[in-house]
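Below: one structure, written as structure tokens.
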Amino acid sequence: MANDTSTLGGLIRIVRQRKGWTLREMSAVVGIPLSTLAKVETDKLSLTYDKLQQFTARLGLTMAEFLAEGEPSPAEAAPVMGRRSLTTTGNSVHIKTPNYDYEYLCADLRQKRMVPIITRIHTRDIAEFGEAVRHKGEEFVFVLEGTIEVHLQFYTPVVLKAGEGVYLDSAMGHAYVCKDCDTALVLGVCSSEDADLAGELISLAEEEAKHAAEPA
């Protein structure tokens, strides 16, 4: 029988099974007759409030703690998937655009919720950048080499040097350009509930590269 914690019987069944008890063993602990407990667990009978208080007290639980027993444990709510990927040679996708040279890391792992990207920034003047970038999710960018100027749709530009970073809403127009250097290197991590975020980001970069290669 499937466990249904929306009923008193289903909740009692969950508690009993988590403790590894039979109905008879639970009956002895909580002081409620076996026949009564069996009917309650199958939702053929209910308990008075006084009996329910007795039930929870004998288990050493408050009423709130008893009701919370119906919530899934962390292991049940989020099973371990065992996902892993290495940033080894050949396990990345390289795309060159007019503004950035992208290296999408951990390319062998599909449906990532986080997309790590090493980006070499070439553009030094925001006037030459073109349209700001926008996509789903959020991102964190950390400067590894050089200095960059961060341009955001709703904020005044800010300068970040090596060892500094920014976290932002990726749906907001954003652009990174070099500041007082020829190129800069950053590590970016983009995240989204969309399981195909990596595919979307790569498609956007490929479209930008294709557009730049077309004759004027």
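Here the condition is being free of Cβ contacts under 8 Å to residues at least 12 places away in the same chain, surrounded by 14 or more Cβ atoms within 10 Å (Cβ to Cβ) and not β-branched (Val, Ile, Thr); of 199, 188, 146, 137, it holds for 199 alone. Kindly evaluate residue 100 against the criterion of being of a type in the set (Ser, Thr, Tyr) and either within 20 Å of residue 195 (Cβ to Cβ) or surrounded by fewer than 17 Cβ atoms within 10 Å (Cβ to Cβ) (or both). Taking the combined requirement at face value, the residue does not satisfy it. When residue 76 is tested against (1) of a type in the set (D, E, K, R); (2) at pLDDT below 85; (3) surrounded by 11 or more Cβ atoms within 10 Å (Cβ to Cβ), just one condition goes unmet, and that condition is (3). The set of residues in region 176-216 being assigned to a loop (DSSP other than H, G, I, E, B) and either within 26 Å of residue 158 (Cβ to Cβ) or polar (S, T, N, Q) (or both) consists of 179, 180, 181, 182, 183, 192.
For residue 57, the conditions (1) more than 14 Å from residue 8 (Cβ to Cβ); (2) at pLDDT below 90 are fulfilled apart from (2). Here is the figure for region 182-216: residues that are closer than 24 Å to residue 142 by Cβ and not hydrophobic (A, V, I, L, M, F, W, C) total 10. Flag not set for residue 157, criterion: at pLDDT 95 or above, within 20 Å of the chain's Cα centre (by Cα) and in a strand (DSSP E or B).
The values are calculated or read from the model by the stated rules, or taken from the named source; none is laboratory data. The model shown is predicted, which means the values in this text are computed figures rather than measured ones. Positions of Cβ are generated from backbone atoms using ideal geometry, with glycine treated the same way; all protein chains shown enter the neighbour counts.
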